[in-house]
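First, the structure itself, so that you have it in front of you.
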Amino acid sequence: MAVNGTHDVGEEFKQKSIYRTDLITRPGTLEVLLYNDSTDNLGEASDVGDVTTEPDTGNYTRQTLSFDSGDLTLSIDGSGDLQVDGSVTFDTLDTGDTVDGYALVASFQSDVVNSEAGANDHIIASATFGTTDLSNFSDVTVNFQDTLS
């Protein structure tokens, strides 16, 4: 699944990571969460606090990927753009929620978009997929791509 869009704080995170590394302490991990976008309807200005439908039953927990491991790979897509690929599997045993999207979350200080004094969780990007009733599965795998064009 390709990422539908980078959120405002995600743009800040990417720009500061590239151009102003003196302004950011890069986290070592990226979290992936599931949610129901049909209800939350996230937009470019949305952030973690706008997600109200992340599952909270059964074995579900956010999944973590490390920036400095083989969890994320870089490649060039068919259009010549840089692409980041990752995959996570959620344990959804006894989880009765319905989801149709995922979000990539990083913890950093957003001093341009949010004027923060310290690091907080922020949605970097999000994407939607077909509606999935988690009660029908014991686990769900999300494969994602974030293209930097």
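With the checklist (1) crowded, with 17+ Cβ neighbours inside 10 Å; (2) within 22 Å of SER138 (Cβ to Cβ) in hand, flag the one item SER46 doesn't pass.
Result: SER46 fails condition (2) only.
Assuming ALA103 fulfils every condition listed in (1) surrounded by 14 or more Cβ atoms within 10 Å (Cβ to Cβ); (2) free of Cβ contacts under 8 Å to residues at least 12 places away in the same chain apart from one, which condition is it?
Result: ALA103 fails condition (2) only.
Determine whether THR73 is part of a strand (DSSP E or B) and either more than 20 Å from GLU31 (Cα to Cα) or open to solvent by 30 Å² or more (accessible area, probe 1.4 Å) (or both).
yes
A further question follows. Within the range 131-142, can you find the residues that are open to solvent by less than 50 Å² (accessible area, probe 1.4 Å) and in a strand (DSSP E or B)?
Answer for the range 131-142, where residues must be open to solvent by less than 50 Å² (accessible area, probe 1.4 Å) and in a strand (DSSP E or B): THR132, VAL140, VAL142.
Ok, one more. How about the range 110-121: which of its residues are over 16 Å from ALA45 (Cα atoms) and either aromatic (Phe, Trp, Tyr) or surrounded by 14 or more Cβ atoms within 10 Å (Cβ to Cβ) (or both)?
ALA119
Of these, SER87, SER66, which one is open to solvent by less than 40 Å² (accessible area, probe 1.4 Å) and out of contact with any Cys (no Cβ under 9 Å at 6 or more places or on another chain)?
The conditions single out SER66.
Next question, about the same structure. Please pick out the residue among THR95, THR61 that is part of a loop (DSSP other than H, G, I, E, B) and open to solvent by less than 20 Å² (accessible area, probe 1.4 Å).
From the options THR95, THR61, the qualifying one is THR95.
For the range 76-92, give me the residue count where each residue is in a loop (DSSP other than H, G, I, E, B) and either of a type in the set (D, E, K, R) or in contact with a strand residue (DSSP E or B) (Cβ under 6 Å, 6 or more places away or on another chain) (or both).
The qualifying residues number 3.
The values are calculated or read from the model by the stated rules, or taken from the named source; none is laboratory data. Computed from a prediction, not measured in an experiment: that's the story for all the values here. Because the Cβ atoms are built from the backbone with ideal geometry, glycine has one as well, and the counts that use them run over all protein chains shown. Calculation scope for accessible area: heavy atoms of the full protein, side chains included, ligands and nucleic acids excluded. Shrake-Rupley method; radii C 1.70, N 1.55, O 1.52, S 1.80 Å.
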